Amino acid sequence: MKGSLRWLKHLGVTVGLLIGAGEHASYDKETLDRINDIQKMDVATKNLLFNVIDTYIQNFKTKYAFAK
């Protein structure tokens with residue numbers, strides 16, 4: 001068991017993700033890979049990308065709120 005947990009930690013996978021539980025269980029592998037790739041970038045590039053993402057999320061939420 002201990003070896004398995006080390007292996008999962010090395011891969012960046014949680015037990016919750018494996019069993020389909022937890023906050024990130026519904027994310028597909030491609031989404032998780034993209035987020036992990038962004039996390040590896042330099043701070044300026046990472047901040048720029050997250051600012052763009054945040055802008056689109058805010059726009060989506062605003063449209064959704066006014067559509068109700």
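Here are a few things to note about the model shown:
- Descending by average beta-carbon neighbour count within 10 Å, the peptides 32-41, 59-68 line up as 32-41, 59-68, the highest first.
- Simple label model, 7 Å out from Cα along Cβ direction - V43 to T62, nm: 2.9 nm
Since every read-out is calculated from the coordinates, none of them should be taken as a lab result. These numbers were taken from a predicted model, which means no experiment stands behind them. Because the Cβ atoms are built from the backbone with ideal geometry, glycine has one as well, and the counts that use them run over all protein chains shown.
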